[in-house]
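For reference, the structure discussed in these notes is given below.
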Amino acid sequence: MEWITLVYLLSGVAFIIGLKRLSSPRTARSGNAIASLGMLIAIVATLLNQQIVEFWQIGVGVLVGGGLGAFFARTVQMTSMPQLVAVLNGFGGGASQLVAAAEFLRLTHRGDPIDLMTGTSIMLASIIGAVTLSGSFIAYAKLQGLKIIADRAVVFPGRHLVSALLLLATLGLGAMLVNDPSHGSLFLVMHLVAMVLGVLLVIAIGGADMPVVVALLNSYSGLAGAMAGFIIDNNALIITGALVGASGLILTKIMCKAMNRSIGNVIFGGFGAEGGGAGGGGPEGTIREVDAEGGAMLMAYANQVVIVPGYGLAVAQAQHVVRELADLLEKRGVEVKYAIHPVAGRMPGHMNVLLAEANVPYDKLWEMERINSEFDRTDVALVIGANDVVNPAARHDTSSPIYGMPILDVDNAANIIVMKRSMNPGFAGIQNELFFHEKTRMLFGDAKARLNDLVEELKQIE
Amino acid sequence: MMTTLIVIFVLASFVGFEVITKVPPQLHTPLMSGSNAISGIAIVGAMLTAGAGQDQVSSILGLVAVVLASTNVVGGFLVTDRMLQMFAGKKKGS
């Protein structure tokens, strides 16, 4: 019995306890601390193990990486959390990919035979890790709005065929290498093909589908880690990889359900690229605008205001002003609630984090199922930078790309104020009939600036 | 040996499904960053490869993996803590 196996088991248990404590906001922080302790134990035990000979090199590596990680974690804005998670996913996947590559080279240089299971694990860890690495960085570029890649779905004719061929090629190369590992250069080609595949998979996915992609890449990084665990016979990697793989899959499933789409549809759909031009018609009608003064009046004398935050709120960094607005309304005796759609924002739970940063108490955040019955008795629904999640076409228009997606029924409110930068359609590329609804008033402009105007106007009203 | 590992993988997957289904939607972002940090356990594999001292190229690749994985671990845990601090700081309705 090797003592280190038991230590790794201890780490695995710490991770499970840590995740379990995430079931409540009260215990979650200590859970994270327990999990990080588990990680520390695993790292120290690994270093103490006599297999390690090059201590100081590794120490420098840990310092460099750890410093970089700490820098990211401290400086990132809450609105940019999806980008950070995407990058860290990529790093995790890349690490597993490199471990696989290093093991492959070590074994082939020594001329050792590679058995079927080890070989298969090496190839799978390489491929999944490579897809995670390149896919995550494309996701990062899209989320960050880097100009090198369009934010919406990039599609080209025959891309399904190309992706399928690349997948077959990389798997085929993997199988060949398991069979005969002497072709080192083919190993490199396999990595490159897998990385191109990762790029293609993510590049075809539009902005609004990003929550699914980030969750899926999360799952991949776990799977790659588990495969790396199979290579080096390490329980800690396998347990953890399975946990993270499961976590990413569950989140992916939840996100897909919230969009009424299958996972295949998200990955292979190229949703949001064709949608805009195809319809041509789309809803039309009169737009009714309102200014900050009128908007403030409507809300000031309401009994209940429901705020519907979307990605636009995050882009404008407007979470603190929203809180200020809500405080002013509550001081006037207005009931204020927040309606959170599961896919609002760019990653699961994105809106919750933003509003938590602005100190909005979490019992004011209402999930979709609970809040929808509330709109009937809501005087003003204030939609801030959300679009597809409040589009009534999802309920009745069978030709709409988002038909069947569960939405927030804001059109049941007595008045609707939509804050939006312009009339540009959302990421799904479709115009929203809510904007033409007779109860809707549009308040155009930067969300933060206009919310500030609303706050000022509210202060004027006695 | 390999079958034992597969058994561990499958059982851990089920544990993962059970535990993570209970995480409420409001904590999904910290769940992602936290589980992400945990997946940085690949650092153990990276250290073993980097430190085996048998093959120059392997050691270098392992070392790069150590850097990537430690970024993942430290960044992931710290940013999760930063978020959870905001959630934990508030009592209901205050």
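The values are calculated or read from the model by the stated rules, or taken from the named source; none is laboratory data. This one's a predicted model, so the numbers in the text were calculated from it and none came from an experiment. Positions of Cβ are backbone-derived with ideal geometry, glycine not excepted, and every protein chain shown enters the neighbour counts. Calculation scope for accessible area: heavy atoms of the full protein, side chains included, ligands and nucleic acids excluded. Shrake-Rupley method; radii C 1.70, N 1.55, O 1.52, S 1.80 Å.
Worth pointing out:
- A:ASP363/A:HIS183 FRET efficiency (R0 56 Å; Cβ-Cβ; nearest 0.05): 0.40
- Computed from the alpha carbon positions, the gyration tensor of the range A:376-456 leads to an equivalent ellipsoid with semi-axes of 22, 15, 9 Å, biggest first.
- Net charge contributed by nearby residues that have their C-beta within less than 14 Å of B:ALA46 (K/R +1, D/E -1): -1
- Shielding by partners, peptide A:220-226 (average Cβ within 10 angstrom, other chains): 5
- Within the accessible area of the range A:39-185 (1.4 Å probe), percent carbon and sulfur: 71
- Shielding by partners, peptide A:70-83 (average Cβ within 10 angstrom, other chains): 4
- Calculated FRET efficiency for the pair A:GLU438/A:SER30, C-beta based, R₀ 45 Å, to 0.05: 0.30
- Structure-based [θ]222 nm, the protein assembly as shown - -39500 (n - 2.57) summed over DSSP H runs of at least 4, per residue, nearest 500: -21000 deg cm²/dmol
- Sorting A:ILE461, A:ILE417 on solvent-accessible area from highest to lowest, probe radius 1.4 Å, gives A:ILE461, A:ILE417.
- Here, P(r) means the percent of Cα pairs in each 5 Å bin from 0 to the largest distance; for the range A:2-96 it is 3, 11, 14, 19, 25, 16, 8, 4, 1, 0.
- Taking 7 Å steps out from each Cα toward its Cβ at A:LEU10 and A:HIS320 produces label points 4.4 nm apart.
- Along its first, second and third principal axes, ordered by size, the range A:308-462 spans 46, 30, 29 Å in Cα coordinates.
- Among A:256-265, A:404-413, B:69-78, the order from most to least packed when residues are scored by Cβ within 10 Å on average: B:69-78, A:404-413, A:256-265
- 34 Å tail of the calculated P(r), chain A, as % of Cα pairs: 41
- Computed magnitude of the charge dipole of chain A (debye, nearest 20; Cβ of K, R +1, Cβ of D, E -1): 540
- Value of Rg to Rh for the range A:353-400, rounded to two decimals, is 1.03; Kirkwood radius and Rg both from alpha-carbon coordinates.
- The charge dipole of the range A:35-145, taken about its Cα centre with unit charges on the Cβ of Lys, Arg, Asp and Glu (plus for the first two, minus for the last two), comes to roughly 320 debye.
- Principal-axis tilt of helix A:319-331 within chain A, Cα atoms, nearest 10 degrees: 40
- Net charge of Cβ neighbours under 9 Å - reference B:ASP55; Lys, Arg +1; Asp, Glu -1: +2
- Low-density loop cleavage sites - chymotrypsin sites (Phe, Trp or Tyr not before Pro) in the range A:305-413, where at most 16 other Cβ are within 10 Å (DSSP): A:TYR403
- Cα gyration tensor category, rounded, prolate or oblate, for the range A:171-248 with a/c compared to 1.5: oblate
- q = 0.12, 0.18, 0.25 Å⁻¹, chain B: log10 I(q)/I(0) [Debye, one scatterer per Cα]: -0.57, -0.95, -1.14
- Largest-first principal axis extents of the Cα set of the range A:68-138 (Å): 49, 19, 16
- Charge tally for B:PHE14 (other residues, Cβ to Cβ under 15 Å; Lys, Arg +1; Asp, Glu -1): +1.
- Loop-located trypsin sites (Lys or Arg not before Pro) in the range B:15-94 whose Cβ has at most 14 other Cβ within 10 Å (DSSP): B:LYS22, B:LYS91, B:LYS92
- Note: the range A:327-387, Cα convex hull, 100 Å³ per residue.
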